[in-house]
Amino acid sequence: MDLNDLDFNNVGTWPVLYRTILIFFVCIILGGAFFYFMTSTSLDKLERMQAKELSLKNDFKLKSSLAANLEKYQDQMVEIHAMLDDLIQKLPNKKEIASLLDNISFIGAKNGLLFKSINWGKIKDFQLSVEVPIAIKVEGSFVQLGQFAADIAALPRIVILENLVLKKIENGKLSLNVIAKTYRYKGDKK
């Protein structure tokens, strides 16, 4: 029988070879359609779930390592809080800021410096602290100015000297313009 003689309305009369080939192609088409419509979406979902599983495994490893070191982290937190409390104690409170100006004046006079001016600067508000600058202009010898800076550094409260401008004036004296900054912790209610 020739291929042109095959009647699609009467497939049952076809020879076994041609029926087998037709059934094979129909099965391939049906299998492809089944795979495309049913299995491929499941494979995509499987890939997403495998990625999610990997992500969850990594999260679990991270959290388990944190949990294993929980005591160490808690000890570190206690240590950090103690350090923070110690540093906060070194910052002046509201009452001590006013006396800080007196302390700076006393230190300058003790070192034989001549104050040209000492003024409060513009207070800057930060998230946890308030910056309180003091603009200072003094005159004296190099040794006197050095001792002045050293004595300010030795104060029990934190004072930072910055923007130092040193100029030579008459008689071997020096003029020092400096900003002394201190910080007050905002949580301080005193």
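Values in this text are rule-based calculations from the coordinates and carry no lab data. What you see is a predicted model, and the numbers here were worked out from it, not measured in a lab. Heads up, the Cβs are rebuilt from the backbone with ideal geometry, glycines too, and the neighbour counts pull from every protein chain shown.
Taken about its Cα centre, the chain carries a charge dipole of roughly 1500 debye when the Cβ of each Lys and Arg holds +1 and the Cβ of each Asp and Glu holds -1.
Normalised radius of gyration (Cα atoms, divided by 2.2 N^0.38 Å) for segment 92-185: 1.08.
The relative contact order of segment 92-185 comes to 31 percent, based on Cα pairs under 8 Å that sit 6 or more residues apart. For segment 42-85, the orientation-averaged shadow of the C-alpha convex hull comes to 3.8 nm² (one quarter of the hull surface). Here r is the Cβ-Cβ distance between Tyr185 and Asp59 and R0 is 45 Å; the resulting FRET efficiency, rounded to 0.05, is 0.75. Of all lysines in the structure, those lying under 19 Å Cα to Cα from Lys45, and not within fewer than 8 positions of it along the same chain, are Lys57. Springs join every pair of Cα atoms under 10 Å in this Gaussian network model of the chain, and among Gln127, Gln74, Gln147 the largest mean-square fluctuation is at Gln127.
Over 15 Å apart: what share of the alpha carbon pairs of segment 1-68 falls there, rounded to a whole percent? Of all Cα-Cα distances in segment 1-68, 71 percent exceed 15 Å. Counting every other Cβ atom within 10 Å of each residue's Cβ, Ser65, Ser129 order from fewest to most as Ser65, Ser129.
Using only side-chain charges placed at the Cβ, +1 for Lys and Arg and -1 for Asp and Glu, the dipole size of segment 92-185 relative to its Cα centre rounds to 120 debye. Take the chain and mark each of the chymotrypsin sites (Phe, Trp or Tyr not before Pro) that is in a DSSP loop with at most 14 other Cβ atoms within 10 Å; the longest unmarked stretch, sites excluded, is 9-125. Summing charges over neighbours of Thr13, with a neighbour being any other residue whose Cβ is under 13 Å away from its Cβ, gives -1 when K and R count +1 and D and E count -1. Relative intensity of segment 56-114 on a log10 scale, I(q)/I(0) at q = 0.19 Å⁻¹, equals -0.82, per a Debye sum over C-alpha point scatterers of equal strength in the absence of solvent. Working note: Cα gyration tensor of segment 13-171, eigenvalues times five, square-rooted, sorted largest first, giving semi-axes of 83, 22, 13 Å. Positive end of the dipole of the chain (Cβ unit charges, origin at the Cα centre): among Tyr18, Leu30, Phe126, the Cα lying farthest that way belongs to Phe126.
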